[in-house]
Amino acid sequence: MNILNITCVRELTNGQRKQLIFEYDACNTLGIDWDVIALHTAKIEDHRLEIQIPKFFSKIFLRNLYGWLYMLKHQKEYDVIINRHMTFDPFVLIFGWFIKNRFTVHHSKEIEELKIIKKDWKGKCASIAEKLFGFISLKQSKGAICVTNDIADYQKKRANVQTLVYPNGIDLSSTKVLEDKRIDNEINIAFMCGTFSAWHGLDLLLKSVLENKKFIQMNNVKIHLIGRVLEKELDFINANKLDLMLHGLLPSEKYIKVLEKCDIGLDSLALNRKKLSEAAALKVREYLAFGLPVYSAYKDTAIPIDFQYYKVDKIDIQKIVDFAKEMKRVSRHEIREISKEYISKEILLKKLYDELKQYV
């Protein structure tokens, strides 16, 4: 069975690139016929799987056109084509009917998310267009491959399509366990993302920190924010004189140095703002592969709710600190080893590959 997984975007995020590289390496390790291609307009960083979209096709809708032309050209080479869903894409009306072996990949509830990304008339128009074009795309496809069960239920209700769940995973062979530099008389907590958008819930954490200033001082708690903090939250931090460690965006070799002394990492805390009730965040897989336990406000689609190293509870800094204290003496190697079955890209990819066989 030959499979092509194709992504067509303006520019790959670090998380998207990591996932595609992990998938590329996993299919080679497993020895399956699974090609990974990323079409985008930015600088090529991995020539094994990235292709730069020609300048003529670099504008917003023409990027999608180039993606369709690529799929049409290569569709006979593959039994299955998996493509990352292209939102509010009018070209699906023309080309989607001609690719009979296509599955779409979904990382969000698109209609709702578009209104959050752009909270003006542009977001509303994009959401309305997605309601039509996304429905047609789903109807043309053989099924929807979704990152979480929650998203799978959403796509099924949206267009009554077959769904498969394929959570994010990580290449364990390329991810080393953190050096253990935890500090006995401190509690160090990491909160990491590219940009602290609304659904990360940084504002909710800050509110709890403000309400528990004395508790934080008494327990010598250090909270490390790794990523781009928005102006609204920066103003709140400064106005209330909150003592947080603001690291900004860091390359992996630098944020690893911060994580080495951390006791736990935080997952996103406000997914309800994206109309989601569960997730499969790459940073959670990275934390656990590093040997770092995770505190979250939401269930992870691939991790059992009672898993001891992924705690789900309300956004309360006292509860977060209590969990960090509990985890302080647990071996990083133990956390990684026990987490393996839930986060390994190889295991998750093999499961999806076997499920796709029934459609060929």
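Full extension of the chain between Asn2 and Asn240 gives 80.0 nm of extra length, using 0.36 nm per residue less the Cα-Cα distance.
Given the options Asn219, Asn185, Asn83, state which has the largest fluctuation in a GNM of the chain using a 10 Å cut-off (strictly under) for Cα springs. For the chain, modelled as a Gaussian network with Cα springs under 10 Å, the answer is Asn185. Residues Asp203, Asp46, Asp180, Asp243, sorted by accessible area with the largest first, give Asp243, Asp180, Asp203, Asp46 [1.4 Å probe; ligands and nucleic acids excluded].
Working from label points 7 Å from Cα in the Cα-to-Cβ sense, the Val360 to Ser173 distance is 2.2 nm. Please work out which option in (i) 0.98; (ii) 1.00; (iii) 0.96 gives Rg/Rh (Cα atoms, Kirkwood Rh) calculated from these coordinates, and answer with its label. Recomputing Rg/Rh (Cα atoms, Kirkwood Rh) here gives the entry labelled (i).
Split the accessible area of segment 1-145 by element, probe 1.4 Å, and carbon with sulfur accounts for 57%.
Distant-in-sequence amide contacts of Cys8, defined by a placed amide H-H separation under 5 Å and a gap of 5 or more residues or a different chain, comprise Leu39, Arg84. Give the shape of segment 171-228 as rounded, prolate or oblate, defined through the alpha-carbon gyration tensor: a ≥ b ≥ c are the square roots of its eigenvalues, a/c under 1.5 means rounded, and otherwise the shape is prolate if a/b is larger than b/c and oblate if not. Taking the square roots of the gyration eigenvalues as a ≥ b ≥ c, segment 171-228 is oblate. Put the Cα centre of segment 313-360 next to the Cα centre of segment 190-232 and the gap is 23 Å.
Add -39500 (n - 2.57) for each DSSP H run of 4 or more in the chain, then divide by its residues: what number comes out at 222 nm, to the nearest 500 deg cm²/dmol?
-12500 deg cm²/dmol
Compute the FRET efficiency between Thr29 and Leu210 as 1/(1 + (r/R0)^6), taking r as their Cβ-Cβ distance and R0 = 56 Å, and round to the nearest 0.05. Taking R0 as 56 Å, the efficiency between Thr29 and Leu210 is 0.75. When +1 charges are put on Lys and Arg Cβ atoms and -1 charges on Asp and Glu Cβ atoms, the dipole computed for the chain relative to its Cα centre reaches about 1040 debye. Normalised by the number of residues in segment 171-271, the average gap of Cα pairs under 8 Å and 6 or more apart makes the relative contact order 45 percent. Taking a ≥ b ≥ c as the square roots of the eigenvalues of the alpha-carbon gyration tensor, segment 309-360 is classed oblate because a/c is 1.5 or more while a/b is no larger than b/c. Loop-located trypsin sites (Lys or Arg not before Pro) in segment 278-318 (DSSP state other than H, G, I, E, B) with a sparse environment of at most 10 neighbouring Cβ atoms within 10 Å: Lys314. A 1.4 Å probe run over the chain, with the rest of the protein chains in place, finds 47 Å² accessible per residue. Using a 7 Å offset from the Cα along the Cα-to-Cβ direction at both Leu93 and Ile136, what is the distance between the two label points in nm, to one decimal? Going by the 7 Å Cα→Cβ label model, 0.5 nm.
Based on the Cβ-Cβ distance of Glu326 and Ile60, what FRET efficiency does E = 1/(1 + (r/R0)^6) give at R0 = 41 Å, to the nearest 0.05?
0.25
Dipole of segment 66-128, Cα-centred, from +1 at each Lys and Arg C-beta and -1 at each Asp and Glu C-beta, to the nearest 20 debye? Value, rounded to 20: 140 debye.
The values are calculated or read from the model by the stated rules, or taken from the named source; none is laboratory data. Just so it is clear, the structure is predicted and the values come from calculations on it, not from any experiment. Cβ coordinates were reconstructed from backbone atoms using ideal geometry, including for glycine residues, and neighbour counts include every protein chain displayed. These accessible areas exclude ligands, DNA and RNA; they are computed on the full protein's heavy atoms, side chains included. Shrake-Rupley method; radii C 1.70, N 1.55, O 1.52, S 1.80 Å.
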